[in-house]
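Engineer: Structure provided below as structure tokens; questions to follow.
A short reminder: the numbers here are calculations on the coordinates, not readings from a lab. Remember, predicted model here, so these are calculated numbers, not experimental data. Counting neighbours? That spans all protein chains shown, and the Cβs are built from the backbone with ideal geometry, glycine included.
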Amino acid sequence: MKKKLLITLGIVLAVILTSAVTFALTNPSLEQKHKPSDYKIGVKYSEALQSDKPMLALLYVDWCGYCLKFMPKYKTVSNIYKDKFNIVMLNAEDPANKELVEDVALSGFPTLYIIDPKYDNRVLLNNAIYMDLKKLRVELDRYLRIRGLLDSVPIK
């Protein structure tokens, strides 16, 4: 009796493991990302500039391990703030981004900015802030509160 039970459990376990491995190998959402540009997050920079919303702009390079490590957090932030910010990814090595890259203060990667075309404002977010999701959310919410105050002041 014990032998039949052990054989049955072994077969069931083998079927479950085979199914799990097959699912993991064929499910594109579980696909391994090897560089930041494998993530397709947000809108184009040119599109964000035309909007009235501020943007959260990530400047990255594909060879940067820290950039790759940050991408799951950036994806989470983009899901939380997509209605309040235009989420943008900019490859700092792409010639199309050369002018912006030269204009901003890049001291390393990733670099995260709040860029607000409406008020011609840029805020550099320190990596001590953006690597901690809770601190990053506090700063983003603070910016939105201040922007809301600016929006409520009549322009003369």
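Engineer: Let a ≥ b ≥ c be the square roots of the eigenvalues of the Cα gyration tensor of region 36-91; is it rounded (a/c under 1.5), or, if not, prolate (a/b larger than b/c) or oblate? Before the final figure, lay out the partial values.
Structural biologist: On the way: a/c = 2.68, a/b = 1.58, b/c = 1.70.
Cα axes put region 36-91 in the oblate bin.
Engineer: Apply 1/(1 + (r/R0)^6) to the Cβ-Cβ distance of Asp141 and Lys69, taking R0 = 25 Å, and write down the FRET efficiency to the nearest 0.05.
Structural biologist: On the way: r = 24 Å, r/R0 = 0.95.
E(calc), rounded to 0.05, equals 0.55.
Engineer: Quickly estimate the mean residue ellipticity at 222 nm for the chain, helices only: each DSSP H run with n ≥ 4 gives -39500 (n - 2.57), and the total goes over all residues, rounded to 500.
Structural biologist: Details: 6 runs with 77 residues, N = 156.
Calculated at 222 nm, the ellipticity per residue is -15500 deg cm²/dmol.
Engineer: Oh, and also: What fraction, in whole percent, of alpha-carbon pairs in region 36-152 exceed 18 Å separation?
Structural biologist: On the way: 3146 of 6786 pairs.
Summing the P(r) tail past 18 Å for region 36-152 gives 46 percent.
Engineer: Compute the distance in nm between two label points, each set 7 Å from the Cα along the Cα-to-Cβ direction, one at Leu5 and one at Ser107.
Structural biologist: Here the answer is 6.6 nm between the modelled labels.
Engineer: Out of residues 5 or more away from Met89 or on other chains, whose amide H comes under 5 Å of its own, with H placed 1.01 Å from N in the peptide plane?
Structural biologist: Residues meeting the amide H criterion: Val43, Leu58.
Engineer: OK, next. Tell me, Ser107, Ser37, Ser51 in order of fewest to most beta-carbon neighbours within 10 Å?
Structural biologist: Numbers: Ser107 7, Ser37 16, Ser51 13.
Least crowded to most crowded, the residues run Ser107, Ser51, Ser37.
Engineer: Same structure again: For region 36-152, what is the percent of antiparallel DSSP beta bridges, rounded to the nearest 5?
Structural biologist: Values: 10 of 17 bridges.
Taking every DSSP beta bridge with both residues in region 36-152, the antiparallel ones total about 60 percent.
Engineer: Compute the length gained on full extension between Gln50 and Ile80: take 0.36 nm times their separation in residues and subtract their Cα-Cα distance, giving the result in nm to one decimal. Could you put the intermediate results ahead of the total?
Structural biologist: Details: separation 30, 0.36 × 30 = 10.80 nm, distance 2.15 nm.
Here the answer is 8.6 nm.
Engineer: Report, in degrees rounded to the nearest 10, the 0 to 90 angle that the Cα long axis of helix 133-152 makes with the longest principal axis of the chain.
Structural biologist: 30
Engineer: Does anyone have the angle between helix 65-81 and the longest principal axis of the chain? Alpha-carbon axes, 0 to 90°, nearest 10?
Structural biologist: 80
Engineer: Give me the Å³ per residue figure for the convex hull around the C-alpha atoms of region 76-134. Before the final figure, lay out the partial values.
Structural biologist: On the way: hull volume 6.4 nm³, N = 59.
Normalising the Cα hull of region 76-134 by residue number yields 109 Å³.
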